[in-house]
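Worksheet for the structure shown next.
The values are calculated or read from the model by the stated rules, or taken from the named source; none is laboratory data. Bear in mind that the values here come from a model prediction, so they are computed numbers and not experimental data. Because the Cβ atoms are built from the backbone with ideal geometry, glycine has one as well, and the counts that use them run over all protein chains shown.
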Amino acid sequence: MDLAGYVINAVLVEKRSVREVAAAHDVSKTWLYELLARYRELGDAGLVAKSRRPRSSPTALGPVIEEEIVALRKSLTEEGFDAGAHTIRHHLVRRHRRNQAVVPSVATIWRVLSRRGFVTPQPHKRPQSSWRRFQADLPNECWQADTTHWVLAGGRDVEILNIVDDHSRLLVAARAFAPTRAIDVVQSFHQAAGTWGFPASMLTDNGAIFTAEFRNGRCVMENELAALGVAYRHSRPYHPQTCGKVERFHQTLKKHLAKQPRPRNLAQLQAQLDRFADYYNNVRPHRALGRHTPAEAFAARTKATPSSAVIAPEGHYRVRRDRVDDSGVVTLRYRSRLHHIGLGRRYKRLRVLVLVADLDVRIITEEGELIRQLTLDPTKDYQPQDKT
């Protein structure tokens, strides 16, 4: 017998007073009087506790917006994009700019997802407060670069080179190669710098395409950054956490790629990378950026620049692959005028990489060996070799 039945019997059968029974069992006299009234009217049915749920809730989430939440969850998940409550609310805010009142809170969206079976309980993770977190203070203060593996439809192994801005998480480059060579890293770096500006520093792991320190030398990337005044740092061996931002980005990218049709060639994979880069930079709210997009975070602050070299924003920067002709010459067009650069017949038919920074021209082999460095004379069509 529950408490309600007990106190009713104590009053009606034992003839004890309401005050005495309420005090003895620490219940409200008002509740006991109401219980007696319901029992006299309904009998035992009156002792059953009634729900306190209101008959109506004017602020309850409407079925239309709830279905919109579910549809967003499904579409984002199918595309391999982040589909958490914060991201869904971000998309709802963008859709309902003129009527923000209909956009529910993050907690409400989470409850809808949980009620509809979209939330899977997760094990307790290491608290974020235990991590030592580093973030550059300015955009372009530090870029992180790394490669990750992917497989094409025919089983061909390829690599994806990702370069991420440390401060804003902006994806400045995502390029597909098979495999990635040192000159590919340099070319991708220059293409990214042509759009976003040169960074003050670069951070990578100790892969052979990034450093030749273990060979007691310097690779093409190290030479290039030194010439541009860009500081170059490498992570500690077997410690990927140093490059944690680009390592974590690999997971985000692969989650998206896994939901796409498997590309048959590098061109199709590059198209998928370009599409994702546009969404990631300009649409997807980033948790580490206060739910701003990387493009918004990148544009919000003054950009850092290389500290030991002054590079004018209006400078002319280009990276071009070429082959030395039979006479030992490569050609370069500068401001609509064609110039011929002499290298010598010993280099004929050799494939080279031409790096142009305004009038500063460096020509290197595919292995990174510097063949010639010169300051282009725009008044001359032929740039002869040094006689010394």
(request) Collect the residues in the range 44-91 that are exposed (fewer than 12 other Cβ atoms within 10 Å of the Cβ), more than 16 Å from Arg111 (Cβ to Cβ) and among the aliphatic types (A, V, I, L, M), keeping them in residue-number order. (result) Ala45, Val48, Ala49, Val64, Ala71
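From the list Ala258, Ala200, pick out the single residue that is of a type in the set (A, V, I, L, M, F, W, C) and closer than 30 Å to Gly84 by Cβ.
Ala258
Filter the range 249-270 for residues that are touching a helix residue (DSSP H, G or I) at 6+ places or on another chain (Cβ under 7 Å) and either of a type in the set (S, T, N, Q) or surrounded by fewer than 14 Cβ atoms within 10 Å (Cβ to Cβ) (or both) and give the result.
Result: Lys259, Gln260.
To keep it simple, each residue is scored yes or no on (1) closer than 21 Å to Ser188 by Cα; (2) out of contact with any helix residue (DSSP H, G or I) (no Cβ under 8 Å at 6 or more places or on another chain).
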position: Ser327; (1), (2): no, no
position: His339; (1), (2): no, yes
position: Leu350; (1), (2): no, yes
position: Ala357; (1), (2): yes, no
position: Ile363; (1), (2): yes, yes
position: Glu366; (1), (2): yes, no
position: Leu370; (1), (2): yes, no
(request) Note down all Cβ pairs under 6 Å where the first residue falls in the range 341-357 and is among the small types (Gly, Ala, Ser), the second is modelled with pLDDT under 90, and they're at least six residues apart or on different chains. (result) Gly342/Gln385; Ala357/Tyr317
(message) So, in the range 147-164, exactly how many residues are over 17 Å from Asp274 (Cα atoms) and either in contact with a His (Cβ under 7 Å, 6 or more places away or on another chain) or buried (at least 23 other Cβ atoms within 10 Å of the Cβ) (or both)?
(response) 1
(request) Give the range 155-175 a look and list any residue that's among the polar types (S, T, N, Q) and at pLDDT 95 or above, or say none. (result) Asn162
(message) Going residue by residue through the range 172-189, is there one that turns out to be more than 15 Å from the chain's Cα centre (by Cα), within 24 Å of Arg284 (Cα to Cα), polar (S, T, N, Q) and surrounded by fewer than 21 Cβ atoms within 10 Å (Cβ to Cβ)?
(response) no
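Does the range 192-247 hold any residues that are of a type in the set (Val, Ile, Thr) and surrounded by fewer than 15 Cβ atoms within 10 Å (Cβ to Cβ), and which are they?
Answer for the range 192-247, where residues must be of a type in the set (Val, Ile, Thr) and surrounded by fewer than 15 Cβ atoms within 10 Å (Cβ to Cβ): just Thr195.
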(request) Take the residues in the range 279-294 that are at pLDDT below 90 and part of a helix (DSSP H, G or I), then tell me which one is farthest from Val164 (Cα to Cα). (result) Arg287
(message) So if I check each of Ala107, Ala71, Ala101, which one is outside any loop (DSSP other than H, G, I, E, B), more than 23 Å from His256 (Cβ to Cβ) and within 25 Å of the chain's Cα centre (by Cα)?
(response) Ala107
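Is it the case that Leu370 is closer than 23 Å to Arg218 by Cα, surrounded by fewer than 18 Cβ atoms within 10 Å (Cβ to Cβ) and out of contact with any Cys (no Cβ under 8 Å at 6 or more places or on another chain)?
Considered against the rule, which asks whether it is closer than 23 Å to Arg218 by Cα, surrounded by fewer than 18 Cβ atoms within 10 Å (Cβ to Cβ) and out of contact with any Cys (no Cβ under 8 Å at 6 or more places or on another chain), Leu370 comes out as yes.
Restricting the range 337-388 to residues that are among the small types (Gly, Ala, Ser) and assigned to a loop (DSSP other than H, G, I, E, B), which is farthest from Ala182 (Cα to Cα)?
Gly344
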